[in-house]
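The values are calculated or read from the model by the stated rules, or taken from the named source; none is laboratory data. All figures in this text were calculated on a predicted structure; none of them were measured in a lab. Reconstructed Cβ throughout: ideal geometry from the backbone, glycine too, with neighbour counts over all protein chains shown.
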Amino acid sequence: MKCNFKIFLLLLSLLCSVGTSINAAVAQETSSTTLSTQLSAQRENGNILLAQNGTEEQELQAFFNSKYDYWDARVLADYWGQSVSDAKARMGRKILWGPENVAILNQFLVDARVKALQSVKPAKNPSSYKFFRESNYSYDDARALAKFWGDRSPMDAKLRIERNLILGNNEMIEQALRYSRR
């Protein structure tokens, strides 16, 4: 009985080692097939990306034809550490590359807005509101909006304008400004 049990264990271990060898060989074959498929796909994608990589003019045109505006590019320029025109081209490139890249662009924009909003604090010095400074809004606009929004001062309205520009709500500011002047 001991002898039969030893033979059984020997056959079982032999069967397991053969099975492991077969699995390793199949896995290696699958890996090399997968690797060659991946390399082919990368070559094809590389060609597609090369074909999609347009000139800066095409990238900028894609940006200008999109739903994005100057303030989106401005926020992303700060986030990416680029100029506004480079950010516009980068956004256009992502638009040209397709929906997956637009989804990534949208997430970048959310992250950039969150970061920019965290850096905006009430300030005594109006020059600290860089988006307001770069906009076409004046002190008189801030005064009118402060009254319309019920803010205590034009400085409070400048802070609100700054935040709205970061959020891409420039149309809302324009609408409030029109209502405030009625």
Over region 159-173, the set of residues among the charged types (D, E, K, R) and over 11 Å from residue 113 (Cα atoms) is 160, 162, 171
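Which of the following residues is in contact (Cβ under 8 Å) with a residue 40 or more places away in the chain and within 28 Å of the chain's Cα centre (by Cα): 114, 120, 110?
120
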The residue from 71, 97, 80 that alone is under 26 Å from residue 162 (Cβ atoms) and buried (at least 16 other Cβ atoms within 10 Å of the Cβ) is 71
**Prompt:** Taking residue 112, is it small (Gly, Ala, Ser) and modelled with pLDDT of 95 or more?
**Reply:** yes
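Counting only residues that are part of a helix (DSSP H, G or I) and of a type in the set (Gly, Ala, Ser), which one in region 84-108 is farthest from residue 58 (Cα to Cα)?
Among those that are part of a helix (DSSP H, G or I) and of a type in the set (Gly, Ala, Ser), it is 103.
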Of 141, 111, 156, the only residue that is in the same structural domain as residue 73 (by TED's automatic domain parsing), surrounded by 12 or more Cβ atoms within 10 Å (Cβ to Cβ) and in a helix (DSSP H, G or I) is 111
Confirm whether residue 99 is within 26 Å of residue 153 (Cβ to Cβ) and either touching a helix residue (DSSP H, G or I) at 6+ places or on another chain (Cβ under 9 Å) or assigned by TED's automatic domain parsing to the domain that holds residue 64 (or both). no
Of those in region 123-138 that are touching a residue at least 12 places away in the same chain (Cβ under 8 Å) and among the small types (Gly, Ala, Ser), the residue surrounded by the most Cβ atoms within 10 Å (Cβ to Cβ) is 135
